[in-house]
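Notes follow once the structure below has been shown.
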Amino acid sequence: MRTNILGCPIDKITMGQAVQKVASYINEKNIQNYRHIITLNAEILYKALSDQKLKAIINQADLVTPDGSGIVWASKQLGDPVPERVTGIDLMEALVREAGLQGWKLYFYGAAPGIAQLAAKNLQNKYKNLNIVGTKDGFISSDLMPELLADIKAKKPDILFVALGAPKQEFWINMYKDIIQVPVSIGVGGSFDVLAGKVKRAPKLFQKLHAEWLYRLIKEPWRYKRMMVLPKFILKIMQEKTNKRSS
Ligand code: UDP
């Protein structure tokens with residue numbers, strides 16, 4: 001089941017159900033659909049309103065999870081709520097844990113040189129049976145792209161995590177998923193930086209209050225420009241709510 005926010009679909013699923021869905025994609029026989037998962041936050045949804053290509057990619061994705069309290073709030077306002085937040089970093093952690101249990105192969109692409117490797121090393125220390133078959137930084141020149149695509153395809157991961165930031169990673173996955181032929185690809189933004197221990201996640205209190213965005217704003221004030229879309233997003237949702245009531 002899906003809800004719809006300003007023309008973008010969002011799956012009404014919990015974290016547990018998202019992990020099950022990924023398992024079902026990986027366990028499909030004769031995989032021909034290479035799945036694209038998007039964890040959609042309010043900022044990217046707002047961007048999609050003026051970017052038709054991005055909107056089309058979101059509409060084509062196999063699974064779109066509600067990434068953040070802005071989306072959860074909007075779904076409630078519009079009368080068709082999603083059950084909970086399923087953020088990129090939380091989903092990645094849950095999938096990595098499951099990969100250790102199921103023997104899934106993982107590939108990490110993105111972030112500054114050395115970060116994907118460090119994140120992989122930290123996770124391998126945490127989950128002893130983890131099989132990370134490849135890592136690559138997200139700043140390679142375009143002439144090295146064919147080599148990267150061939151490496152991903154040859155190593156046959158079950159899940160590819162792409163950390164190029166949104167929406168760059170969504171465009172990348174959409175463009176290359178049929179070439180790399182990985183059962184599940186998912187964009188995870190700044191998650192490798194967190195897993196490598198380079199960036200701290202918001203303390204539990206901020207997470208509980210659903211105010212991780214506020215912590216990020218305090219720690220990385222240069223993000224304020226990106227966050228300026230949030231009041232516009234709220235306004236748009238309130239307008240949509242009024243339109244819905246009067247129609
Ligand atoms: N990044 C990358 N290649 C690029 C641009 C960005 O690998 O060409 C990485 C960057 O190093 C960081 C991540 O993408 O690890 C973006 O993180 P951010 O927190 O800005 O993404 P968001 O979660 O907001 O989408």
Report task. Could you run the Karplus curve 6.51 cos²θ - 1.76 cosθ + 1.60 with θ = phi - 60° over the range 70-76 and give me ³J(HN,Hα) per residue in whole Hz, x for Gly and Pro? Result -> x, 5, 4, 4, 4, 5, 5
Requested in this report: Using the Cα centre as the reference, give the magnitude of the dipole from point charges on the C-beta atoms of the range 1-107 (Lys, Arg: +1; Asp, Glu: -1; all else neutral), rounded to the nearest 20 debye.
Outcome: 200 debye
Query raised in the report: Cα convex hull of the chain: how many Å³ per residue?
Result: 130 Å³
Report task. Pull out the extension gain between K208 and D151, defined as 0.36 nm times the separation in residues minus the alpha carbon to alpha carbon distance; nm, one decimal. Result -> 16.5 nm
Requested in this report: Using a 10 Å cut-off on Cβ atoms, rank the peptides 82-88, 31-37, 120-126, 224-230 from the highest mean neighbour count down.
Outcome: 82-88, 31-37, 120-126, 224-230
Report summary line: Note: N33 to M238 extended length (0.36 nm per residue) minus current alpha-carbon separation gives 70.1 nm
Report task. Give me the net charge of A111's neighbourhood, meaning all other residues with Cβ under 14 Å from the Cβ of A111; Lys, Arg count +1, Asp, Glu -1. Result -> +2
Report task. Could you pull out the pairs from K53/K128; K121/K236; K168/K241; K136/K232; K21/K76 whose alpha carbons sit more than 32 Å apart here? Result -> K53/K128; K121/K236; K136/K232
Query - Cα-centred dipole magnitude for the range 97-186, charges only on beta-carbon of K, R (+1) and D, E (-1), debye, nearest 20 - result: 380 debye
Query raised in the report: Got a number for carbon plus sulfur as a percent of the chain's accessible area, 1.4 Å probe?
Result: 53 percent
Query raised in the report: Considering only L230, P183, P157, whose Cα is most displaced toward the positive end of the charge dipole of the range 102-247, charges sitting on Cβ of Lys, Arg (+1) and Asp, Glu (-1)?
Result: L230
**Report entry** Per-pair calculated FRET efficiency, R0 = 30 Å: N59 and E84 via Cβ, rounded to 0.05
**Finding:** 0.85
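The values are calculated or read from the model by the stated rules, or taken from the named source; none is laboratory data. Not measured: the values here are computed from a predicted model. We place every Cβ from the backbone using ideal geometry, glycine too, and count neighbours over all the protein chains shown. In case anyone asks, the SASA skips ligands and DNA or RNA and just uses the protein heavy atoms, side chains included. Shrake-Rupley method; radii C 1.70, N 1.55, O 1.52, S 1.80 Å.
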